[in-house]
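The values are calculated or read from the model by the stated rules, or taken from the named source; none is laboratory data. Being a predicted model, the structure only gives us computed values, none of them experimental. Heads up, the Cβs are rebuilt from the backbone with ideal geometry, glycines too, and the neighbour counts pull from every protein chain shown. Each accessible area value is taken on the protein alone, full model and side chains, heavy atoms only, with ligands, DNA and RNA left out. Shrake-Rupley method; radii C 1.70, N 1.55, O 1.52, S 1.80 Å.
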Amino acid sequence: MRRPLVMGNWKMNGRRREAQALIAAVAAEAATFPGVDVAVCPPYVYLGVAADGLSRCPAIAWGAQDVSAYGDGAYTGEISAGMARDMGCEFAIIGHSERRTLFGESDGVVAQKFARALAAGVTPVLCVGETAAERDGGHTREVVLRQIGAVFASCGTGAFDRAVIAYEPVWAIGTGRAASPDEAQAVHREIRNAVAQRNPTAAVGLRILYGGSVKAQNARELFARDDIDGGLIGGASLVAADFVGICRAACPDLA
Ligand code: 13P
């Protein structure tokens, strides 16, 4: 059985004091979501806050929202995957749609970042997903499989042996309009099948998260689907009670 995983992507929000309070509040509730892997991804500058606040809370991990496509060196402003690992990051979000659209990250750059994370011992969480226009044009499968194919092409058949995929339809991110459980499950199944074609063993254990307007109210129905192994949570991860509610919704015995 795949262990559910719920990750909070704080994006570029909050200040140190809020980061401390949020982490403390979620850590205090860790006993209420047994059997669920939980991670928070604060902005880089607050990774130390996560490391301090969670050092005695083994139930909650932390991760980076991105890593550089380069290794250490003369790359002003960049943060390497090795640095993220050094700050205790277990995960790194790679290829979030905001990185792809606002910062021009191509499939190739995303694949390089994915490889850097793997090499540094950080589990990459590859974000994939289509825009509204791509969905309306019937291109969802093609877009998502292209994004995954770029990572296979660059990292080889074992790319997803130790990785996570997050399906985040762009039209659902921050809009309040989540994909329905049926819509999400259909794409998750396509993703698992695509990975299985290259690496059947990895596909069985691969955790595929859904992201896009997940709330405590819709999480349980989404997570109950066969191929939805948890969530990547944006806005609702900034409010402790909401995030904890989503983590509880992923508890295997409650699903
Ligand atoms: P929202 O949960 O705010 O829709 O954001 C989803 C997301 O982008 C997580 O990475």
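Structure above, values below:
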quantity	calculated
Region 208-228 - residue that is open to solvent by 10 Å² or more (accessible area, probe 1.4 Å) and within 15 Å of the ligand (Cβ to nearest atom) and, of those, nearest to E29 (Cα to Cα)	A216
Unmet requirement for A255, which otherwise passes all of (1) more than 16 Å from the ligand (Cβ to nearest atom); (2) modelled with pLDDT of 95 or more; (3) surrounded by fewer than 18 Cβ atoms within 10 Å (Cβ to Cβ); (4) small (G, A, S)	(2)
Filtered residues of region 33-42 (kept if open to solvent by 20 Å² or more (accessible area, probe 1.4 Å) and under 21 Å from I93 (Cα atoms))	D37
Qualifying residue in region 11-32 (condition: touching a Phe, Trp or Tyr at 6+ places or on another chain (Cβ under 8 Å), at pLDDT 95 or above and open to solvent by 50 Å² or more (accessible area, probe 1.4 Å))	yes
Qualifying residue in region 181-199 (condition: buried (at least 24 other Cβ atoms within 10 Å of the Cβ) and assigned to a loop (DSSP other than H, G, I, E, B))	no
Subset of region 1-29 [within 15 Å of the chain's Cα centre (by Cα) and among the hydrophobic types (A, V, I, L, M, F, W, C)]	L5, V6, M7, W10
